[in-house]
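Visitor: To start, I am sharing the structure in question, which I have written as structure tokens.
Derivation of every value follows stated rules applied to the coordinates shown; laboratory data play no part. No experiment lies behind these values; they were computed from the predicted model shown. Cβ atoms come from the backbone with ideal geometry, glycine included; neighbour counts cover every protein chain shown.
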Amino acid sequence: MDGTRFRTNRDLGVVPALKIRSRYLFNDKAYGELEADGIYAPVSYLNGSTTEIVGAILDASLRGGLKLTKEVDGFLNLRYLGGGAVGTSNNPTGPSDGYVKNWLHFGAVTAGFAYSF
């Protein structure tokens, strides 16, 4: 390999996100929590570019918990993590045409205990 077929893309940048976090006490033993960070970004609108690329990211968690003892909580957590982008670059370099479409979606279910003293 002499490196002539190597390709790298360096279209990296800062992505600001919005956050929401909430906790609701159903009674003195049970609670629910929501936490989410994310943004939908029509990139040209945000940075003034003529490149029409749209991106998004979301990290959301929904948790239900029960206070088992004074120090121990049990919980069940559902989590979604996803995001990506779609669009075409204004200045593609071969062998590509500059089009990108990448969306990833992940989910997780977690059960556990939290100890606080």
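Visitor: Convert each backbone phi in the range 71-83 into a coupling constant with the Karplus relation 6.51 cos²θ - 1.76 cosθ + 1.60 (shift: θ = phi - 60°), then list the ³J(HN,Hα) values in order as whole Hz, x for Gly and Pro.
Guide: Computed from phi, the couplings for the range 71-83 are 9, 10, 10, x, 8, 10, 10, 10, 9, 10, 9, x, x Hz.
Visitor: Please list 23-36, 73-86, 97-110 highest first by mean number of surrounding beta-carbon atoms within 10 Å per residue. Can you show the working numbers first?
Guide: Values: 23-36: 12.1, 73-86: 15.2, 97-110: 10.4.
Final packing ranking: 73-86, 23-36, 97-110.
Visitor: So what J values fall out for the range 64-69 if you push phi through Karplus, 6.51 cos²θ - 1.76 cosθ + 1.60 with θ = phi - 60°, rounded to Hz, Gly and Pro as x?
Guide: x, x, 9, 7, 8, 9
Visitor: Sticking with this one: Quote to one decimal, in nm, the extra length available between D2 and D28 on full extension: 0.36 nm per residue of separation minus the C-alpha distance between them. Spell out each step's value before the answer.
Guide: On the way: separation 26, 0.36 × 26 = 9.36 nm, distance 6.69 nm.
Net length gain for the segment: 2.7 nm.
Visitor: Note the full-extension length gain between L58 and H105 as 0.36 nm times their separation in residues minus their Cα-Cα distance, in nm to one decimal. Before the final figure, lay out the partial values.
Guide: Details: separation 47, 0.36 × 47 = 16.92 nm, distance 0.94 nm.
Contour length minus Cα-Cα distance gives 16.0 nm.
Visitor: Now, a different point. Evaluate E = 1/(1 + (r/R0)^6) for L68 and K19, where r is the Cβ-Cβ distance and R0 equals 22 Å; express this FRET efficiency to the nearest 0.05. Numbers along the way, then the final one.
Guide: Numbers: r = 29 Å, r/R0 = 1.32.
For L68 and K19, the calculated efficiency is 0.15.
Visitor: So who's got an amide H within less than 5 Å of the one on A41, skipping anything under 5 residues away but keeping other chains? H placed 1.01 Å off N, in plane.
Guide: Those qualifying (amide H under 5 Å, at least 5 residues apart or on another chain) are G55, A56.
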